[in-house]
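A.B. asks: Just passing along the structure, written as structure tokens.
Bear in mind that the values in this text are calculations on the coordinates, not laboratory data. Given the structure is predicted, the values throughout are model-derived calculations rather than measurements. Cβ placement follows ideal geometry from the backbone for every residue including glycine, while neighbour counts extend to all protein chains displayed.
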Amino acid sequence: MSELNEIDINSLHGIVLRETESDSIQEIDTSFYRDLAEFIGNLKKQEFDGIESKIKQTLVDMTSELTSILLHIRLEKTIRSGLTDFSNLLDEEKFILDAEEQKRERIEMILSATINGKSKFLESISQKHKTKTVVLRFLKEVDEIVGVDLEKYGPFKAEDIATIPFENAQALVTQKAATKIHWED
């Protein structure tokens, strides 16, 4: 990193402190989150006994909390100010804000279609969403199910991976029978 040669709890605290003391988004090295993930990952891999284990876990917890605070502060500054200059944002932060923009666009699309009496368009969106598929990893055995698309899925064993309709996937996730897996194209 340009600002730091190696991440540690003190340097992370300094970055968070500078971010909280400024109204603008501070410049951070582009590999910051990846370097931080590597730091935390390496910490978690280390095995200690007794008090050293507790110290390591406290360090992991503090680092995780500071990371969460930093990310939330930076995103909140951007959203609150309506910032359009993303030059100091990191790619991971831009990825999150992309979803925020998509959310705003969807709200506007639904409002516009409703206000302008475009019921067929709304029906189309509803149908498309119902038949949207989700990739799941099963956490326990699940008997065969009939999807909202009237297709049969399963049976599934723990650790099986499957693509099923969104509504069915939501029910399985809520029941803690499966967890979503996010695939990027």
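A.B. asks: I need Thr67, Thr114, Thr174 ordered by Cβ neighbour count within 10 Å, fewest first.
C.D. replies: Thr174, Thr114, Thr67
A.B. asks: In addition: If I take every Cα pair under 8 Å that is 6 or more residues apart in the stretch 48-185, average their sequence separation and divide by the length, what percent do I get for the relative contact order?
C.D. replies: 17
A.B. asks: In whole angstrom, and with the biggest value first, how far do the Cα coordinates of the stretch 90-131 range along each principal axis?
C.D. replies: For the stretch 90-131, the Cα spread along each principal axis is 40, 24, 7 Å.
A.B. asks: At 0.36 nm per residue, minus the direct Cα-Cα distance, what do Lys56 and Ile73 gain on full extension? Give it in nm, one decimal, please.
C.D. replies: Result for the pair: 3.6 nm of gain on full extension.
A.B. asks: Using only Cα positions of the stretch 9-86, each an equal point scatterer, no hydration layer, compute I(q)/I(0) via Debye at q = 0.13, 0.17, 0.24, 0.27 Å⁻¹ and quote the log10 values to two decimals.
C.D. replies: After summing over all Cα pairs, the log10 values are -0.47, -0.71, -1.14, -1.32.
A.B. asks: Let me ask another. I need Asp160, Asp61 ordered by Cβ neighbour count within 10 Å, fewest first.
C.D. replies: Asp61, Asp160
A.B. asks: Where Lys and Arg each count +1 and Asp and Glu each count -1, what net charge lies around Phe156 among other residues with Cβ under 11 Å from its Cβ?
C.D. replies: -2
A.B. asks: Quick check: the distance between the Cα centres of the stretch 78-151 and the stretch 12-63, to the nearest angstrom?
C.D. replies: Taking the Cα centre of each part, the stretch 78-151 and the stretch 12-63 sit 31 Å apart.
A.B. asks: Another question, if that's okay. In Å and on Cα atoms, what radius of gyration and Dmax does the stretch 47-96 show?
C.D. replies: Both quantities, over Cα of the stretch 47-96: 16.1, 49 Å.
A.B. asks: With θ taken as phi - 60° and the coefficients 6.51, -1.76 and 1.60, list the Karplus ³J(HN,Hα) couplings across the stretch 158-163 in order, rounded to whole Hz; mark glycine and proline as x.
C.D. replies: The phi angles translate into 4, 6, 5, 10, 8, 10 Hz.
A.B. asks: Now a separate question. Just to check I understand the Karplus step: with θ = phi - 60° and J = 6.51 cos²θ - 1.76 cosθ + 1.60, what whole-Hz values come out for the stretch 60-75, glycine and proline as x?
C.D. replies: My calculation for the stretch 60-75 gives 4, 5, 5, 5, 5, 5, 4, 4, 4, 4, 4, 4, 5, 4, 5, 5 Hz in order.
A.B. asks: Quick one: which residues, 5+ away or cross-chain, put their amide H under 5 Å from the amide H of Lys140? H built at 1.01 Å from N.
C.D. replies: The list, which skips near neighbours in sequence, is Glu159.
A.B. asks: Now for a separate question. Taking Rh as the Kirkwood radius computed over C-alpha pairs, what is the Stokes-Einstein D of the chain at 37 °C in a medium of viscosity 0.692 mPa s, expressed in µm² per second?
C.D. replies: 160
A.B. asks: Any chance you could list P(r) for the stretch 132-185, counting all Cα-Cα pairs in 5 angstrom bins from zero, rounded to whole %?
C.D. replies: Binned Cα distances yield the sequence 5, 23, 35, 27, 9, 2.
A.B. asks: Over the stretch 1-62, what is the mean sequence separation of C-alpha contacts under 8 Å (at least six apart), divided by residue count, expressed as relative contact order in percent?
C.D. replies: 35
A.B. asks: Now a separate question. What's the local net charge at Phe48, with K and R +1, D and E -1, over the other residues with C-beta under 10 Å away?
C.D. replies: Overall, the nearby charge balance is -1.
A.B. asks: Length gain on complete extension for the stretch Asp8 to Ser119, per 0.36 nm per residue less the alpha carbon to alpha carbon distance?
C.D. replies: 34.4 nm
A.B. asks: Ok, one more. Would you kindly derive the ³J(HN,Hα) couplings of the stretch 116-130 from the backbone phi angles with the Karplus curve 6.51 cos²θ - 1.76 cosθ + 1.60 (θ = phi - 60°), listing them in order in whole Hz, with x for Gly and Pro?
C.D. replies: After applying 6.51 cos²θ - 1.76 cosθ + 1.60, I find 8, x, 8, 5, 5, 5, 5, 5, 4, 4, 4, 5, 4, 5, 4 Hz.
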